[in-house]
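Values quoted throughout were computed directly from the atomic coordinates according to the rules given, and no laboratory measurement underlies them. Quick caveat, the model's predicted, so the values are computed rather than measured. Here the Cβ positions follow ideal geometry from the backbone for every residue, glycine too, while neighbour counts run over all protein chains shown.
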Amino acid sequence: MTQDKVPALAKGAQTRARILEEAAALASVDGIAGVTLGVLADRLGLSKSGMFGHFGSKEALETEILDQVAARFAATVLAARPDDPADATAALTAMVGRWMDWSEGSAYPGGCPMFSAQSDYDDRPGPVRDRVVRHFRTLRLVIIRRLRAAVPGLSLPVAEQGAFELEGIMQAFARNHRLMRDPLARTRAETALAGLLGRL
């Protein structure tokens with residue numbers, strides 16, 4: 001590969017990353033399905049043909065938005081922090097706190113695009129739905145591992161039930177915070193988490 005092609009490739013990767021970040025921000029407000037190549041081209045001052053050159057189809061764009069959001073969620077919420085408590089239970093609580101920050105809009109203006117995607121695609125078979133399912137299954141596995149670390153001796157079936165309930169807490173938190181504007185949403189979620197961990 002000649003040297004003059006390297007900057008062009010690097011520029012292409014930067015443009016693609018910029019498109020995906022803008023697409024994810026737009027999806028947080030309008031939903032994944034509401035993001036089109038034409039709208040993105042207009043917002044970013046790019047040609048529509050150039051957008052097709054990067055993604056090829058709206059479906060490909062949608063799956064890459066989901067991957068972008070999932071990667072940012074993993075880095076922002078799930079990855080351990082240097083200041084995370086050594087105690088596994090406290091570390092799990094800290095992770096859930098970051099998750100609530102995320103749902104409140106710390107990463108994207110309209111909240112997590114994955115939250116709306118689960119409703120938009122639950123009855124729409126295809127690659128986009130499959131990608132949503134894959135990311136949520138990955139998240140569940142992480143939660144199960146963290147629960148088993150926080151509660152020594154916790155059996156897998158009980159941890160799976162705990163993960164199911166924690167996901168329910170976070171769903172209720174997101175809805176009550178963003179839709180219902182409940183000022184006690186975070187307090188209620190923290191109380192529910194403490195109750196779940198205490199019972200486990």
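Quick notes
- Cβ-based net charge around ALA79, under 13 Å, with every Lys or Arg adding one and every Asp or Glu removing one: +2
- Direction-averaged projected area, Cα convex hull, the range 5-199: 13.1 nm², rounded to one decimal.
- Cβ-to-Cβ counts within 10 Å put PHE52, PHE73 in ascending order as PHE52, PHE73, the fewest first.
- Mean residue ellipticity, 222 nm, helices only, the chain: the sum of -39500 (n - 2.57) across DSSP H runs of n ≥ 4, divided by residue count and rounded to 500, is -22500 deg cm²/dmol.
- Of the residues ILE32, GLY111, VAL69, the one whose Cα sits farthest toward the positive end of the charge dipole of the range 1-151, with +1 on the Cβ of Lys and Arg and -1 on the Cβ of Asp and Glu, is VAL69.
- Value of Rg/Rh across the range 55-127 [Cα atoms, Kirkwood radius]: 1.08
- For the chain, built as a Gaussian network whose Cα springs stay under 10 Å, the top-fluctuating residue of ALA172, ALA70, ALA86: ALA86
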